[in-house]
1. Would you mind finding the one in 126, 145, 168, 177 that is surrounded by fewer than 22 Cβ atoms within 10 Å (Cβ to Cβ) and outside any helix (DSSP H, G or I)?
2. Being open to solvent by 80 Å² or more (accessible area, probe 1.4 Å), more than 19 Å from residue 8 (Cα to Cα), within 12 Å of the ligand (Cβ to nearest atom) and in contact with a strand residue (DSSP E or B) (Cβ under 6 Å, 6 or more places away or on another chain) is the requirement here; does residue 47 meet it?
3. For residue 76, all conditions in the list (1) of a type in the set (Asp, Glu); (2) under 21 Å from residue 137 (Cα atoms); (3) under 21 Å from the mean Cα position of the chain (by Cα) hold save one; what is the number of the exception?
4. So residue 97 fits all but one of (1) surrounded by 17 or more Cβ atoms within 10 Å (Cβ to Cβ); (2) among the small types (Gly, Ala, Ser); (3) away from the ligand (no atom under 12 Å from the Cβ); what number is the exception?
5. Does residue 105 qualify as being near the ligand (Cβ under 8 Å from one of its atoms), surrounded by 24 or more Cβ atoms within 10 Å (Cβ to Cβ) and under 18 Å from residue 286 (Cα atoms)?
6. Give all pairs with beta carbons closer than 7 Å in which a residue from region 63-87 that is closer than 11 Å to residue 108 by Cβ meets a residue that is more than 16 Å from the ligand (Cβ to nearest atom) and in a strand (DSSP E or B); count only pairs at least 6 apart in sequence or on separate chains.
7. Within region 53-94, take every residue that is more than 10 Å from the ligand (Cβ to nearest atom) and in a helix (DSSP H, G or I) and give me the one that is farthest from residue 248 (Cα to Cα).
Amino acid sequence: MLYVKAPAKINLTLDVLYKRQDNFHEVEMIMTTVDLADRIGLEPRGDGLIKIISADRFVPDDERNFAYQAAQLLKDTYGIKEGVSIKIDKEIPIAAGLAGGSSDAAATLRGLNEMWNLNLSLDELAELGAKIGSDVSFCVYGGTALATGRGEKIQELPPPPTCWVVLAKPKIGVSTADVYGGLKLDGLEHPNTKQMVQAIENEDYELLCQSLGNVLESVTFKLHPEVVMIKEHMQRFGADAVLMSGSGPTVFGLVDTETRTTRIYNGLRGFCEEVYVVRLLGERNPLA
Ligand code: ATP
C-alpha cells in the first residue's frame, strides 16, 4: 500500500473580481496548507477497477468521489489498464471550506503518478487536476500560493510567518454553489491581496493578521448566523485574527504562541464539536 498525505487548506484571502462569460467567477485568493490531513492509501488491483474504501459514510464511494475521478482521469489520459483501491482515512471535515475532497484528488494524482510510473511533473498533475475542480491544482502543489482564474492558476509564494491555527467547524455543511449564488458583486469590500503577499514575503505576522479577508463571509454569515457567533467567540477568546475559510463554515483563528491556543480551544469546545489546533505547513508537498 502506498500512502499519501492530503492536507487541508485555509484561505488567507478570497476575493471575487467578476463573473465570467463561462459563468465561473474570476477569483484571486491566497491559500496555504495546514497539518490537518486525510490519509490516502493506494493499492494496485489486477481487475482494472477503481474502488473507494472509506469508513466515513459521508464520503461517496463511486464516481462522485474526487479521488475516484483523479484515478479515472489518469487511466483515460494515459491508457492505464491497472486498477486501484483507494482507501480514504478522513480527518478533514467534509463540506467545510477546507478543500478536503480536492486534496484527496490531488494526493491520488501524486500517488498514482508514482505507482504507475508516469513521471509527470507537479505542473502536469496540477493541469490535469483542474479538470476535476478549481481547488485541485493548488492542492497538487500545497504550500502557499496566489490562485487566480477560477482558482486553477497558481503562483507559488514563500511560507507565511509561523503561527498556530485554531479551526472550528459548526455542525452545518455549506454548499459552495449556494454561497457563490448569493454573492452580490456590487459594493463588495475587497481584501488587499497585494498587502497579504507583502506580509508573507516580509514575514510580517502583524500585517498578515491585518490583511485577512474573504468576500464570501457576508453571504455565509447571512445563511448561517452560527458562523458569525463562532467568529465572535474566537475573537473574544484571544485569537490575533479570525476569518472564515473558503465558502465556510469553518472559521480559523491565528495565534502566535501555542499557550494561547489552549484558552481558545477550551472556550470553543463548549459549543462546537469540531475544533482543531494545527500548524501552518508552509512548504510545498513532496511529489508523492
Ligand atoms: P472547497 O473548500 O473546495 O469548496 P469543501 O472542503 O467545502 O471544498 P469537500 O469536503 O471537498 O468540501 O466536500 C464537498 C462535497 O464533495 C461533499 O459533499 C462530498 O459529497 C463530495 N466529495 C467528493 N469526493 C470527496 C472526498 N474524497 N472527500 C469528501 N467529500 C467528497
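The values are calculated or read from the model by the stated rules, or taken from the named source; none is laboratory data. What you see is a predicted model; the values in this text were computed from it and never measured. For neighbour counting, all protein chains shown are included, and Cβ atoms are generated from backbone atoms with ideal geometry for every residue, glycine included. The area values use the complete protein model at the heavy-atom level, side chains included, leaving out ligands, DNA and RNA. Shrake-Rupley method; radii C 1.70, N 1.55, O 1.52, S 1.80 Å.
1. 145
2. Numbers: open to solvent by 80 Å² or more (accessible area, probe 1.4 Å): yes; more than 19 Å from residue 8 (Cα to Cα): yes; within 12 Å of the ligand (Cβ to nearest atom): no; in contact with a strand residue (DSSP E or B) (Cβ under 6 Å, 6 or more places away or on another chain): yes.
The answer is no for residue 47.
3. Of (1) of a type in the set (Asp, Glu); (2) under 21 Å from residue 137 (Cα atoms); (3) under 21 Å from the mean Cα position of the chain (by Cα), only one is false for residue 76: (3).
4. Only one criterion is unmet by residue 97, namely (3).
5. Details: near the ligand (Cβ under 8 Å from one of its atoms): yes; surrounded by 24 or more Cβ atoms within 10 Å (Cβ to Cβ): yes; under 18 Å from residue 286 (Cα atoms): yes.
It is true that residue 105 is near the ligand (Cβ under 8 Å from one of its atoms), surrounded by 24 or more Cβ atoms within 10 Å (Cβ to Cβ) and under 18 Å from residue 286 (Cα atoms).
6. Listed pairs, sorted by first residue: 84/43; 84/44; 84/45.
7. Per the criteria, the residue is 78.
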